[in-house]
1. For segment 126-154, give me each residue that is crowded, with 17+ Cβ neighbours inside 10 Å and in a helix (DSSP H, G or I).
2. Going by the conditions given, is Val235 crowded, with 16+ Cβ neighbours inside 10 Å and modelled with pLDDT of 90 or more?
3. Pick from Thr158, Thr108: which is hydroxyl-bearing (Ser, Thr, Tyr) and closer than 26 Å to Leu43 by Cβ?
4. Within the bounds of segment 159-174, is there any residue that is touching a Cys at 6+ places or on another chain (Cβ under 8 Å) and modelled with pLDDT of 85 or more?
5. Can you find a residue in segment 219-229 that is within 21 Å of Val116 (Cα to Cα) and modelled with pLDDT under 75?
6. Identify, from the list Arg74, Arg123, Arg67, the residue that is within 20 Å of the chain's Cα centre (by Cα), assigned to a helix (DSSP H, G or I), surrounded by fewer than 17 Cβ atoms within 10 Å (Cβ to Cβ) and of a type in the set (D, E, K, R).
Amino acid sequence: MLATSSDPQVDGIDQNSLVQALIRAELTLYYGLFAHVASVTLLWYDYILTFAWEKERIWSCRKGWFRTFWFLLRYPPLLLKSILLLGDYKHDWKLRSCQLYFVFGWLTGTLTLFVVHLTFLLRLYALYGRSAKVLAVPTLLLLANLVPVLMVAHEAGTDASAVPPNGICLPMFNITCVIASLALALAFDVVVLILVVARCIVLWRQQADNGVLTILIRDGLGYFGSITLLNVLNVIGIQERINPAVLQTFIMLAATLPTIIVCRMILNLRSVKQRSPRPESGRDSGIITYNDLTAPQQTILESIVDELYDVQTSSRYPLSWRRHRTGHS
């Protein structure tokens, strides 16, 4: 449901252009309703399918920070899409209600995207042996994205023309900020994907006893690649102003599938983690053990990474265990 205050189709004097813009807006709202229905259906269907796994692999974890991290990834999209779907059936919007409705949806969606991207960073951090240097460029892109996100929220939250005469909520804002936000998010995805591909190739060459599916599924390459492709289609669709039905499909997929995909990746990694043998204590021998890694002196980041993401390709043990067992740093 994108409209722009600077678009000549809206601000121009030509009445035919104005009518065409209004028709496109109505079609966008119409197909947006179906997109929200599909989004809510997918999210709840996946939630029901994986609830038993979630209970076993997530909520059984004793670490509150890890459970909080999962909660922020899993449940805001369920709440957001359900509320947006109810809003699609409302046709007597007041100005302030419409502004708050849009800002709530935009910021909640941004929070979900931020947690998804944080998941990318944590997985990258683990794949590169907990090296913080590899996170520099993706982190800068993630922080830079806050600027257009806040600009869109502020502009939509103060727009005085958000409610047309027919009572439909249609906030108007500069499409440039939306494109900038999506482009920065896409740049983040591409950088992370390249780094993951490079690391997976190196690990695969070192020990090629695991197949391609292990790389695609357990190490996240398939997940990251799918999400990047979805975001590419989303940016192209918005930039080129394609057919509203196709555009809303792209938006729905880009807003829904990343959460589902990342949740599945987390559940798969937790399954691998729980099945992996834990080395016996080796403090005296200089070997870092599972109990050492989960000691209270760990930072929150280290705790989350160890609980979930420190699973490496072609190895029975995480990298932090393996390098001490083999004597390599």
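1. Looking only at segment 126-154, we keep the residues that are crowded, with 17+ Cβ neighbours inside 10 Å, and these are 126-128, 130, 134-135, 138, 141-142, 145, 148-149, 151-153.
Those that are crowded, with 17+ Cβ neighbours inside 10 Å and in a helix (DSSP H, G or I): Ala126, Leu127, Val134, Leu135, Pro138, Leu141, Leu142, Pro148, Val149, Met151, Val152, Ala153.
2. no
3. Only one candidate passes the filter, namely Thr108.
4. Checked segment 159-174: no residue is touching a Cys at 6+ places or on another chain (Cβ under 8 Å) and modelled with pLDDT of 85 or more.
5. Taking segment 219-229 and keeping what is within 21 Å of Val116 (Cα to Cα), we get 219-229.
Of the ones still in play, those that are also modelled with pLDDT under 75 are 219-220.
Within segment 219-229 (the criterion being within 21 Å of Val116 (Cα to Cα) and modelled with pLDDT under 75), the answer is yes, since at least one residue qualifies.
6. On the way: Arg74 fails: surrounded by fewer than 17 Cβ atoms within 10 Å (Cβ to Cβ); Arg123 fails: surrounded by fewer than 17 Cβ atoms within 10 Å (Cβ to Cβ).
Within the list Arg74, Arg123, Arg67, the selection yields Arg67.
One line per residue, one yes/no per condition, for (1) assigned to a helix (DSSP H, G or I); (2) at pLDDT below 85; (3) within 29 Å of Leu170 (Cβ to Cβ):
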| residue | (1), (2), (3) |
| --- | --- |
| Lys55 | yes, no, no |
| Leu85 | yes, yes, yes |
| Trp93 | no, yes, yes |
| Phe104 | yes, no, yes |
| Thr108 | yes, no, yes |
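The values are calculated or read from the model by the stated rules, or taken from the named source; none is laboratory data. Remember, it's a predicted structure, so these values are computed and weren't measured experimentally. So basically every Cβ, Gly included, is an ideal-geometry build from the backbone, and we count neighbours across all protein chains shown.
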